[in-house]
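Everything below concerns the one structure shown next.
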Amino acid sequence: MRMSNHERRRAVLADTALAVALLGFALLATGLAGENQPGSAPVDLWCRLLIAVAALALAGRRLAPLGTLAVVTVAVTTYLVLGYPYGPVLVTFLIAVYTVAVRLPVRSATPAAGLALVALLVHAFLSRGPESGWYGVLPASAWVVVPFAVGVAVRTSRETVARTRAEQARRQADEERLRIAQEVHDVVGHGLAAISMQAEIALHLLPKRPEQAEAALTAISRSSREALDELRVTLGAVRRGGGREPVPGLARLDDLRERLADAGLAVTVRVDGEPRELPAAVDLAAYRVVQEALTNVLRHAGVRAAEVAVGYPDGAVTVEVTDRGVGGAGGAGHGLAGMRERVAALGGELATGARPGGGFRVAARLPVEEHQ
């Protein structure tokens, strides 16, 4: 596990404090432990020196786990071979084994822990202490197996949490990219459709009535400027990574209707119920559904008129776009999937299909109460 310089300093300070505290405790408690172990060697200078080496080595346990384990293993094994009493010195060994297991991959930690276990078991056959021979194998093994298993479990848990967070971050990034792609598609797609239609009108009028072509060229200029402004708002929000300027909503339907009128599509808007303030996400989604549906009419339906109905029933807002053009063609735009995803993300419903009398219908219902 890599650490920054700040993390290294904090780790050294924390581990040094642990080592000093453990040293003080071991020096005081080892004598008491010896009183309860009559067969052990008396606590002397060498005993205290080995305790000090094992305890103080823990100051570098997170910076050099393997080196710390090696030093602690040698000191503790020597301590036990000389027959000094079982006591707090074994806690240093436990901590060193745990650190190797939690800081290093299993493939590196396992051989190190295995060598430490072999070294520790030497005392069971060479020491003068009470736990000698085969009777000492099981207790000695526990000081390696238990902290190693705990360390591996902790490391696995941390890695799982890290992977979960990384996956969540990637998922959020993918969702944000999809949202931006939908915004750009709606803005650019609508703008280009209007400009294309206006350009065709200008080309048709230019040879015969050049004075009327000027109006179409003026409409192209206005449509391109408005599309660029809206695109700039969307991309500006991405750069800031947060709040954005006011997003489009149903209040801008009149502007949308004027732009489409310049492109040759007459749009009739009907409002059922009392208009009310909507959550920004719902307002934007409703506007984009109308915008995309009308863009598809302009591109595919082959008609010069469309109808938009906006409704405000209790707990929801509804939008419906209908035309009397070529049956089914009005819904063939690539934005239909994005339209459906927008509505579904807010818990709404989208219905599309050919009308019995000809033409196409796009209708969306978006809940309001859940997003207030």
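Only one residue in Gly359, Gly353, Gly338, Gly327 is modelled with pLDDT under 85 and in contact with a Gly (Cβ under 9 Å, 6 or more places away or on another chain). Which one?
Step by step, each of Gly359, Gly353, Gly338, Gly327 is checked, and only Gly327 is modelled with pLDDT under 85 and in contact with a Gly (Cβ under 9 Å, 6 or more places away or on another chain).
Would you tally the residues in segment 343-372 being surrounded by 14 or more Cβ atoms within 10 Å (Cβ to Cβ), outside any strand (DSSP E or B) and charged (D, E, K, R)?
1
For segment 268-321, name all the residues that are modelled with pLDDT under 90, β-branched (Val, Ile, Thr) and either more than 21 Å from Ala337 (Cα to Cα) or in a strand (DSSP E or B) (or both).
Val303
Gly83 - would you say it is of a type in the set (Gly, Ala, Ser) and surrounded by fewer than 18 Cβ atoms within 10 Å (Cβ to Cβ)? Walk me through it before giving the result.
On the way: of a type in the set (Gly, Ala, Ser): yes; surrounded by fewer than 18 Cβ atoms within 10 Å (Cβ to Cβ): no.
Criteria not met by Gly83.
Taking segment 288-305 as the search range and keeping residues that are of a type in the set (Lys, Arg) and within 16 Å of Gly264 (Cα to Cα), which one is surrounded by the fewest Cβ atoms within 10 Å (Cβ to Cβ)? Full working, then the answer.
Within segment 288-305, the first condition is being of a type in the set (Lys, Arg), and the residues that meet it are 288, 299, 304.
Next, from what is left, pick out any that are within 16 Å of Gly264 (Cα to Cα): 299, 304.
Numbers: Arg299: 19, Arg304: 12.
In this case the residue turns out to be Arg304.
Matching residues to (1) over 21 Å from Ala153 (Cα atoms); (2) touching a Gly at 6+ places or on another chain (Cβ under 9 Å):
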position	(1), (2)
Asp44	yes, no
Leu49	yes, no
Ala64	no, no
Thr77	yes, no
Tyr84	yes, yes
Val97	no, yes
Leu115	no, no
Ala119	yes, no
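Name the one entry in Leu58, Leu22, Leu18, Leu63 that is surrounded by fewer than 17 Cβ atoms within 10 Å (Cβ to Cβ), touching a Leu at 6+ places or on another chain (Cβ under 8 Å), in contact (Cβ under 8 Å) with a residue 24 or more places away in the chain and not basic (Lys, Arg).
Going through Leu58, Leu22, Leu18, Leu63 in turn, just one is surrounded by fewer than 17 Cβ atoms within 10 Å (Cβ to Cβ), touching a Leu at 6+ places or on another chain (Cβ under 8 Å), in contact (Cβ under 8 Å) with a residue 24 or more places away in the chain and not basic (Lys, Arg): Leu18.
Being at pLDDT 90 or above and not charged (D, E, K, R): is that true of Val53 here?
yes
Whether any residue in segment 30-50 is part of a helix (DSSP H, G or I), surrounded by fewer than 23 Cβ atoms within 10 Å (Cβ to Cβ) and either within 45 Å of the chain's Cα centre (by Cα) or not assigned by TED's automatic domain parsing to the domain that holds Val118 (or both) is what I want to check.
No: segment 30-50 contains no residue that is part of a helix (DSSP H, G or I), surrounded by fewer than 23 Cβ atoms within 10 Å (Cβ to Cβ) and either within 45 Å of the chain's Cα centre (by Cα) or not assigned by TED's automatic domain parsing to the domain that holds Val118 (or both).
Being in contact with a helix residue (DSSP H, G or I) (Cβ under 8 Å, 6 or more places away or on another chain) and either over 25 Å from Ala199 (Cα atoms) or not polar (S, T, N, Q) (or both): is that true of Pro279 here?
So Pro279 fits the description; yes.
Check whether at least one residue in segment 137-147 is modelled with pLDDT of 85 or more, closer than 21 Å to Tyr86 by Cβ and surrounded by fewer than 16 Cβ atoms within 10 Å (Cβ to Cβ), and report yes or no.
yes
Only one of Thr99, Thr110 is surrounded by fewer than 18 Cβ atoms within 10 Å (Cβ to Cβ), under 35 Å from the mean Cα position of the chain (by Cα) and assigned by TED's automatic domain parsing to the domain that holds Val43; which?
Among Thr99, Thr110, only Thr110 is surrounded by fewer than 18 Cβ atoms within 10 Å (Cβ to Cβ), under 35 Å from the mean Cα position of the chain (by Cα) and assigned by TED's automatic domain parsing to the domain that holds Val43.
The values are calculated or read from the model by the stated rules, or taken from the named source; none is laboratory data. Owing to the predicted nature of the structure, the values given are computational and were not obtained by experimental measurement. Neighbour counts run over all protein chains shown; Cβ positions are idealised from the backbone, glycine included.
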